[in-house]
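Inspection log for the structure reproduced underneath, given as structure tokens.
The values are calculated or read from the model by the stated rules, or taken from the named source; none is laboratory data. Note that this is a predicted model, so its numbers are computed, not measured. For neighbour counting, all protein chains shown are included, and Cβ atoms are generated from backbone atoms with ideal geometry for every residue, glycine included.
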Amino acid sequence: MAQQPLPSSVQPTTDMYGGDEVSALVLDPGYSTTRAGYAGEDRPKQVVPSFYGKINYDNGTRDIFGDEVIYPRANFERPNYMNRDSVVEDWDAATRLWEHVLIKRLQPARATPAIRNGLNDRGKNDENGDVDMGEGIEEQEEGEKPLAESPLLVTEAPWNTTKNREKAIEIAMESWGAPAFWLNKTPVLAAFAAGKSTALVVDVGCANASVVAVHDGMVLKRSIQRSPVAGSWLSGQIRSMWDSSDPKVEVVPTFMVENKKPVEAGQPAEARLKKFDFVVPESFRAFEEERLLTEFKESVVEVWRGPGKFQGPNEDFVKSQVGRVFEMPDGYNQMWREQRFKVAEGMWDETAAYPPLGGGEEGRVQKGQTIPALIKASLEGVDADLRANLVGNIVVTGASTLLNGFNDRLHMELTAMYPGLRIKIHAAGLSSERRFGAWIGGSILASLGTFHQMWISKKEYEENGAGIVEKRCK
Amino acid sequence: MVAYGRHPCHRRNQASKTNITLTCRLSKPFYRATVNQECITAFNDLKLSKKYKYIIFKLSDDNKEIVIDKTGDSSEDYEVFREALMNATTKSRSGQVGKGPRYAVYDFEYQLASGEGTRNKITFIAWSPDDAGVMPKMIYASSKEALKRALTGIATELQANDADDIEFETIKKTVSKGTAA
């Protein structure tokens, strides 16, 4: 954000700060990636995987954040600090990762490294508590906390728990010394960024698909609906599809391939795989496989646009059309026709979904979990008078909505469900606005001078304790 | 240093103590920009003496205050009002001029289909064209509550995002809930 010098006649007053000069930070943690940056900018400066890297040594562990220096090692794992609900689970790791993006990457370098692990302050209940980012920890001067000059806005899922919310303000205020703090629910930010204070927000991310009604800038609690039918579920569908296809497609991530020869479509791969004299940790391999699956989603998978379901005559029609070719890292390549539609069909029609690998019930799409079902349930949770207004103001956000054809199908399904109502879908055209919708909303909000009256100040926190966050951030 | 956490209602309602608790309990997180007194005066003129047919409001250039952009009396056609909204602009921080959102109040008059005469509905319109920038859209959406609270006597409120949404017929249908002729 450009720091514009104030003309001498317009000095900031102590009463209210109207300018944009406050260097607020915005943090938007998600299951797939964690986004952080300066308020006022139009995209986050830092986008790092929430699956962080962790090297286990005999005498401790070391974290690796971001996408650099990632190669297979015997002791290298990739855990996630969030759980499947998109809520922080491992606070130790969350704090370290957030410190990495907010302090190490976004704060100016200091003579005395201001790396102070927030968790060391309160009970060393973790054996890794002392280990920081692999650098020497120097005790810093008391009263000079790393974020002493940056108000912090953090986004949260609308189903976040009270305990987690209080923990977030505790870390920001006590460990980092932030002068002000605000927690904001993601659907509200996405709706505001689309210019709406009343909207039905359809957010399909990595771990969760959610539908939430926002009215006058407030989340309607009874409208919150979510299911795991999102990006990471889709990866599972692709795995099932590859597993059941003939010949079976092996998932070989790029790091395993030493060299490959070109082969004809459908022929077995002729590649030499790398040999590792250790067992590649499962979480590392899974993360690398996910990259391959993401590429497949981006280039091959498509949502059947309708009209009607995909199964039946539409599937027969697609079989007669030209498909798309995808080459695996080991050289195996094949044309995908109807399958590329079928993997995403479970989002709309639970009967079309592939059974999850392993055959268990876990991961199987249930009747109420499809996106149309979520929307229906969400609308049933709100006042009948509001429904028409919400259907006319649908905001689509989240990276998984970038699947080809997603919006067309959504429109088609809604028209079939609510024939008498006017349906309007708002989806940002720029893919970055869809991927970082909530972050961008937070960035604008936090950069507004007038918004700063709303923050929870350090003083308020000291007077009221962490419980203030429940009272203020509704 | 910046005065964080100072809620606007603390300053506004210092005179009455009961009022403070009341407003604070009702307040929502985005109730921020202040409303210029002229907005309220003009609205009362519209409501009580029918001096205006419509009022268009905008945010001042520093986004801190809601002020009057344009007013019109009943001699003006609806299309003039619609054009004014559609041509509204806003200046970005870097000085670029683009499409701009607005708030508007329009005193709608329509005939009842049942032939029972005419009705008037003072309608609040939050106009935020889809092709405006993210920044102005966000600012207008999050500041709307402030203005809405300041104006008492609004019968209907609607959100409009493209040219179709502010067609006379579209609005008439919403405002009259289908009872108009």
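A few points about this structure:
- Members of segment B:149-167 found to be at pLDDT 90 or above and closer than 18 Å to residue B:34 by Cβ, listed by number: B:150, B:151, B:152
- Selection from segment B:75-94 of residues that are more than 13 Å from chain A (Cβ to nearest Cβ), part of a loop (DSSP other than H, G, I, E, B) and surrounded by fewer than 13 Cβ atoms within 10 Å (Cβ to Cβ): B:75, B:77, B:87
- Within segment A:214-233, residues that are touching a residue at least 40 places away in the same chain (Cβ under 8 Å) and assigned to a helix (DSSP H, G or I) sit with their Cβ atoms under 7 Å from residues that are of a type in the set (Ser, Thr, Tyr) and surrounded by 18 or more Cβ atoms within 10 Å (Cβ to Cβ), at 6+ positions apart or across chains, in these pairs: A:223/A:378; A:231/A:32; A:231/A:400.
- Residues located in segment A:455-474, provided they are within 11 Å of chain B (Cβ to nearest Cβ), among the hydrophobic types (A, V, I, L, M, F, W, C) and part of a helix (DSSP H, G or I): A:468
- Checked against the criteria, residue A:296 does not count as under 22 Å from residue A:375 (Cβ atoms) and surrounded by 18 or more Cβ atoms within 10 Å (Cβ to Cβ).
- Exactly one residue out of A:374, A:357 is at pLDDT 95 or above and either farther than 25 Å from residue B:134 by Cα or over 21 Å from the mean Cα position of the chain (by Cα) (or both), and it is A:374.
- Enumeration of residues in segment B:129-157 that are of a type in the set (A, V, I, L, M), within 7 Å of chain A (Cβ to nearest Cβ) and in a helix (DSSP H, G or I): B:134, B:135, B:138, B:139, B:141
- Subset of segment A:54-71 that is in contact (Cβ under 8 Å) with a residue 40 or more places away in the chain and within 21 Å of the chain's Cα centre (by Cα) - its residue that is surrounded by the most Cβ atoms within 10 Å (Cβ to Cβ): A:65
- Any hit, segment B:111-128, residues being within 14 Å of chain A (Cβ to nearest Cβ), over 14 Å from the mean Cα position of the chain (by Cα), buried (at least 20 other Cβ atoms within 10 Å of the Cβ) and not in a helix (DSSP H, G or I): no
- All positions within segment B:99-124 that are within 22 Å of residue B:62 (Cα to Cα) and among the hydrophobic types (A, V, I, L, M, F, W, C): B:104
- Taking the criterion of being touching a Phe, Trp or Tyr at 6+ places or on another chain (Cβ under 7 Å) and either of a type in the set (Ser, Thr, Tyr) or at the interface with another protein chain (Cβ under 9 Å from one of its Cβ atoms) (or both), the only residue of segment B:158-181 that qualifies is B:176.
- Cβ-Cβ contacts under 8 Å between residues 6 or more apart (or on different chains), taken from a first residue in segment B:161-172 that is more than 14 Å from residue B:109 (Cβ to Cβ) to a second residue that is among the acidic types (Asp, Glu) and outside any helix (DSSP H, G or I), are listed as B:161/B:130; B:162/B:130.
- Filter pass, residue A:306 being at positive phi and modelled with pLDDT of 90 or more: no
- Count of residues meeting criterion [within 14 Å of chain B (Cβ to nearest Cβ), surrounded by fewer than 23 Cβ atoms within 10 Å (Cβ to Cβ) and either at pLDDT 85 or above or under 11 Å from the mean Cα position of the chain (by Cα) (or both)] in segment A:13-39: 1
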